[in-house]
Structure formats: C-alpha cells, structure tokens
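Only one structure is covered here, and it is reproduced in the block below.
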Amino acid sequence: MILVLLAACSVDEECRQTESVRCVVVFSCDSVVSNEDTVYTVNFNTVDSVTVQGVGSDSVLYNNQKNVSRLSLPLRSDTTETRYQLTLNSHPETLVIQHTNDEYFVSLACGCFVFHAVDTAFGTNGMIVNSEVINTAVQNVEQDNIKIYISL
C-alpha cells in the first residue's frame, strides 16, 4: 500500500514539474548614441529595466526587473491572441502574440497541457520595430520562440 502511495506522489510531482508552458521572448535592442560630431547605433541584447503585465490581468510577471535579456511568458489558452503591457526602460509598449492552441492529453493523473504555435508577434506603440518567430512551437521545454527588435 505504501508503494502505491509513493508512486502516486511521484507521478503528481512529475506532472507539476513539466506543466509550465511558456513562450520565450528575447531582445535585440538598438540605441542611437551621439558623441560630439558622430552619431552611431549601438546594438545590445539586454534591457535595463522591464515591467510586464498581461493586458486585462492584475498579475505583474516582471516588476521593474533589471538587466533582462529574455522574457518567459504564458500564452492564453482561451483565445488565439495574448497581449502584454511592457515598460522597457520607462517606455510603454504593448506586445501582441498571435498563436494557435493545441490541447495535449498526458494522462489521467496529469490531465491536459495546452501547447501553442506562434503565428506572429508585433508591438502597437512603435518601440518594437520588428519581430521574428524563431521557433513556432511553445511547449513545456524552454526554448527561444520570438525575437523582438526594439529601439530605445
């Protein structure tokens, strides 16, 4: 009887560990710098300060996080579009991620996961100048999915 209980707990624990399905967004940033008579562009992959909140949600995923190079964001399973309000170095931007949802049945003990396929991503306020879908599959393995190009 004890072995059955221990086995049931280990399956439950395994389900909790692999349940996180997150879309990973990485940054590529350009900043125009002027030095006396020279103007040049500096490219970097880290944002000094990031705050992220889901549009229509009270929860803050990143609260003035420092030196951020990537975001790990959940996608909504009840719709095919997820929006986030970003504040990047005190500049507001809305990130829109359009995706499809696919339910994946694991087991009776674990239930279902919702995996996603990213179609496109874009910004609405002009800070995100371009985006690239690197890997469309958003599953329970952390990997880079979207690269956003921002201009600060």
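The values are calculated or read from the model by the stated rules, or taken from the named source; none is laboratory data. All figures in this text were calculated on a predicted structure; none of them were measured in a lab. Cβ coordinates were reconstructed from backbone atoms using ideal geometry, including for glycine residues, and neighbour counts include every protein chain displayed. To get the accessible areas, we keep the full protein, side chains included, count just its heavy atoms, and leave off ligands, DNA and RNA. Shrake-Rupley method; radii C 1.70, N 1.55, O 1.52, S 1.80 Å.
Laid out as a table, the results:
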read-out: Extension reserve of the residue 108-residue 96 stretch, reckoned as 0.36 nm per residue once the Cα distance is removed; value: 1.0 nm
read-out: Residue-count net charge about residue 130 - beta-carbon cut-off 15 Å; Lys, Arg +1, Asp, Glu -1; value: -2
read-out: Accessible carbon and sulfur surface of region 45-152 relative to its total accessible area, %, 1.4 Å; value: 44 percent
read-out: Square roots of 5 times each gyration tensor eigenvalue, C-alpha, region 82-131, largest first, Å; value: 32, 12, 6
read-out: For region 39-98, convex hull volume per residue from C-alpha positions, Å³; value: 100 Å³
